[in-house]
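To start, the structure itself, in structure tokens.
The values are calculated or read from the model by the stated rules, or taken from the named source; none is laboratory data. Since the model is a prediction, treat every value here as computed from it, not as a measurement. Please note: Cβ atoms are built from the backbone with ideal geometry, for glycine as well, and neighbour counts cover all protein chains shown. Heavy atoms of the whole protein, side chains included, go into the accessibility calculation; ligands, DNA and RNA do not. Shrake-Rupley method; radii C 1.70, N 1.55, O 1.52, S 1.80 Å.
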Amino acid sequence: MTAAPRGHALVTGASRGIGCSTAEALAAAGFDVAFTARTVNEGEGTVPPRSLHGSQEAIAVPGSLATTESLIRRHGVRALPVPMDLTDTDSVAAAAKTVLDTWGAPAVLVNNALLHLPQARFLELSVDTLRASLEANMVEQVRLTQMLLPAMIANGGGTVVNLCSGSATHDPRAAPGEGGWSLSYSAAKAAFGRIAGAINAEHRGDGIRAFNIEPGFVVTEAGAARGGTDSVSATGFAGSPVDASGRVIVWLATAPGAETERFLGKVVNAPRLAEDLAG
């Protein structure tokens, strides 16, 4: 097959929310898009409850690889759905291999996938839960990037974008379950936020640019289903646009390097930059 003019991108965690919106934005910009998620078919998606208190039954959420594929194909580019689960090391390795074997090195890698875990307070937090969050939300992200980066370098370079979180640098204003977040989440996000800097320090000369972007407070399908946005929504706050990150990622991946250099080593506020770019 003939590749799209811009090459192809890989977006992880793209069955819904920011990942799905980003995959579609890249497709609209002319990229073929490979994308990963745990949920293959619509109606199969679930997330765990928001906290350890109350029912521990899984919560149904919309979105799937199949649905995202249909959205991408509407833009006249190729779509490559790839099942991947951050809690399964073999599936992470298999996802990277599938993309490389099928399309070769991606021009853009968007690390957006996230393992949702019930929010536990400090004295409730088990070592196993903390370890699971760090393994999935940092270690496996490193593994995936390590598997793809050599091919990207050999292909002349590319763009890596990591979806960060304000929880990595700000203390919660309340306890988990009362508007705050768990240490298992913020610690993993803080570690995850150091990946881009390491890549830039070692591989900027190889044509690789790595960015951290903060999507803002986005009311995603998973967040709404878990009831984590009820108190915010009740105030009339609409949150940040779900498509802001995608618009910024397309710009970072396609704008001349001289225009984007100033964002290396910083956390890019996606809603603010998206607004600036639109203006």
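Annotations
- FRET efficiency, 1/(1 + (r/R0)^6) with R0 22 Å, evaluated for residue 60 and residue 121 via beta carbons: 0.25
- If you sort 135, 275 by accessible surface, 1.4 Å probe, largest first, the order is 275, 135.
- In a DSSP loop and with at most 11 other Cβ atoms within 10 Å, the trypsin sites (Lys or Arg not before Pro) in segment 128-198 are 173.
- Computed over the chain, the per-residue total of -39500 (n - 2.57) for DSSP H runs of n ≥ 4 gives a 222 nm mean residue ellipticity of -11500 deg cm²/dmol, rounded to 500.
- Cβ-based charge dipole, the chain, positive-most Cα from 134, 72, 159: 159
- The GluC sites (Glu not before Pro) of segment 1-91 that meet both conditions, a loop assignment by DSSP and at most 16 other Cβ atoms within 10 Å of the site Cβ, are 42, 44, 57.
- Carbon and sulfur %, accessible surface of the chain computed with the full protein complex present, 1.4 Å: 54 percent
- On Cα atoms only, tilt of 183-192 relative to the major axis of the chain in degrees: 10 degrees
- Cα centroids of segment 247-279 and segment 45-96: 27 Å apart.
- Candidates 179, 19, 197, ranked by Gaussian network fluctuation over the chain, Cα under 10 Å, top entry: 179
- Probing with 1.4 Å while keeping every protein chain in the model, the per residue accessible area of the chain equals 46 Å².
- Potential lengthening of the chain between residue 151 and residue 88 amounts to 20.4 nm, from the contour at 0.36 nm per residue minus the alpha-carbon distance.
- Cleavage-rule hits, trypsin sites (Lys or Arg not before Pro), segment 54-100, DSSP coil, Cβ neighbours within 10 Å at most 12: 74
- Within a Gaussian network of the chain (alpha carbon springs, distance under 10 Å), most fluctuating of 158, 265, 54: 54
- Read-out Cα extents along the principal axes in Å, derived from the coordinates shown; its label in (i) 70, 40, 32; (ii) 57, 42, 33; (iii) 52, 39, 38: (iii)
- Residues in segment 181-221 that a label on residue 261 would reach, taking backbone N under 13 Å of a point 7 Å out along Cα→Cβ: 205
- Amide proton proximity set for residue 211, modelled H, under 5 Å, gap of 5+: 160, 161, 162
- Spatial offset of segment 20-38 relative to segment 107-133 amounts to 24 Å, using the alpha carbon center of each.
- Rounded to the nearest Hz, the phi-derived 3J(HN,Hα) couplings of segment 150-161 under the Karplus curve 6.51 cos²θ - 1.76 cosθ + 1.60 (θ = phi - 60°) are x, 5, 5, 4, 4, 8, x, x, x, 10, 10, 10, where x marks glycine and proline.
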